[in-house]
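Worksheet for the structure shown next.
The values are calculated or read from the model by the stated rules, or taken from the named source; none is laboratory data. Note that the coordinates shown come from a computational prediction; the quantities given were computed from them, not determined experimentally. Glycine gets a Cβ as well: all are built from the backbone with ideal geometry, and neighbour counts include every protein chain shown. Note: areas computed on protein heavy atoms with side chains; ligands, DNA, RNA excluded. Shrake-Rupley method; radii C 1.70, N 1.55, O 1.52, S 1.80 Å.
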Amino acid sequence: MRTAVIADIHANLEALESVLAGISELGADEIVCLGDIVGYNANPNECVDIVRDRKIVSILGNHDICASGLDEPCSFNPTAERAVLWTRGVLSRENRSFLMHLPRELAIRDFYLFHGSIHDTNRYIMSKGDARENFRRLERLPGVCRIGFFGHTHVRMVLCNEQGSLSCSYPEEVLLQGVEQCLINPGSVGQPRDGDPRAAFLIYDSMERKITFHHVAYDIQKCRDKILQAGLPSHLAERLERGE
Ligand code: ZN
């Protein structure tokens, strides 16, 4: 089984289309999304439509929660708050309802999907301490999930637990043989923050027990222009080119 894992689309239609073209070139049996379909960029309805129509299995991100009205963006910075309230105003009723009914977390075969941290959508995994806590939570889940896929930081990251010793890296490829547990972030489709402005995703091949990371270029200029035309904060347009 080949699973494409995408995260943090953030209403960036150009990036999402490029990623889906990249995935179909590489070949995948299914696509899963780690939340934050909307927020920040200017095409929330178009991106939700694609996720629905393509039957991409998705969970809720913190921006989806606030844009759909499930919660208020109390902990958001002013730019993110402005963008999420703009998104709430333009989302169609159908798309708002679609977002509201997404699960917060999801177990699929041997892997687990969550947005920020296990049982806490808003918390980031940044350090080995954060990872240790999430490895413990992964272990306590029913079933046999040894891999946790997460988003939220918009930074590609691999955390492995091998006999209690933790390692953190940013490789192009991960071989899972011998790895007890791992937590993996594919990077962001629509607002990468790891210095590479290209849209990011990964492919998990369960037969080969291998994960490969990929980046694809997209029309940043077009996305930028739409952000400015929509009256969203200009900082959101500028950061896309720098990948930060
Ligand atoms: Zn996000």
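Hey, any hits in region 17-32 for a residue that's in contact with a Lys or Arg (Cβ under 6 Å, 6 or more places away or on another chain), open to solvent by less than 20 Å² (accessible area, probe 1.4 Å) and part of a helix (DSSP H, G or I)?
No, there is no match, as no residue in region 17-32 is in contact with a Lys or Arg (Cβ under 6 Å, 6 or more places away or on another chain), open to solvent by less than 20 Å² (accessible area, probe 1.4 Å) and part of a helix (DSSP H, G or I).
Could you run through region 56-71 and say how many residues are open to solvent by 30 Å² or more (accessible area, probe 1.4 Å) and touching an Asp or Glu at 6+ places or on another chain (Cβ under 9 Å)? If you could, list the steps in order and put the result at the bottom.
Start the filter on region 56-71 by keeping residues that are open to solvent by 30 Å² or more (accessible area, probe 1.4 Å), which leaves 57, 69-71.
Right, trim to touching an Asp or Glu at 6+ places or on another chain (Cβ under 9 Å) and you get 57, 70.
Qualifying residue count for the region: 2.
Give region 139-198 a look and list any residue that's among the hydroxyl-bearing types (Ser, Thr, Tyr), over 25 Å from residue 63 (Cα atoms) and either within 16 Å of the ligand (Cβ to nearest atom) or touching a strand residue (DSSP E or B) at 6+ places or on another chain (Cβ under 6 Å) (or both), or say none.
Hits for region 139-198 are 167, 169.
Name the single residue, out of those in region 55-68 being under 14 Å from residue 5 (Cα atoms) and in contact with a helix residue (DSSP H, G or I) (Cβ under 8 Å, 6 or more places away or on another chain), that is nearest to the ligand (Cβ to nearest atom).
So the residue we want is 58.
Failed condition for residue 86, given (1) in contact with an Asp or Glu (Cβ under 9 Å, 6 or more places away or on another chain); (2) among the aromatic types (Phe, Trp, Tyr); (3) in a helix (DSSP H, G or I), with all others met?
Every condition holds for residue 86 apart from (1).
Would you check which residues across region 50-79 are more than 17 Å from residue 223 (Cβ to Cβ) and part of a helix (DSSP H, G or I) and list them? Before you say what the answer is, go through the steps one by one.
So in region 50-79, the residues more than 17 Å from residue 223 (Cβ to Cβ) come out as 51-62, 64-78.
Within region 50-79, 51, 52, 53, 62, 64, 65, 66, 67, 78 qualify.
Could you check region 4-20 and list, in sequence order, the residues that are within 12 Å of the chain's Cα centre (by Cα) and away from the ligand (no atom under 15 Å from the Cβ)?
4 - this is the single residue of region 4-20 that is within 12 Å of the chain's Cα centre (by Cα) and away from the ligand (no atom under 15 Å from the Cβ).
What residue, among those in region 147-179 that are under 27 Å from residue 10 (Cα atoms) and among the small types (Gly, Ala, Ser), is surrounded by the most Cβ atoms within 10 Å (Cβ to Cβ)?
Taking region 147-179 and keeping what is under 27 Å from residue 10 (Cα atoms), we get 147-159, 168-174.
Still in the running and among the small types (Gly, Ala, Ser): 148, 151, 169.
Details: 148: 26, 151: 28, 169: 10.
Residue satisfying both the conditions and the ranking: 151.
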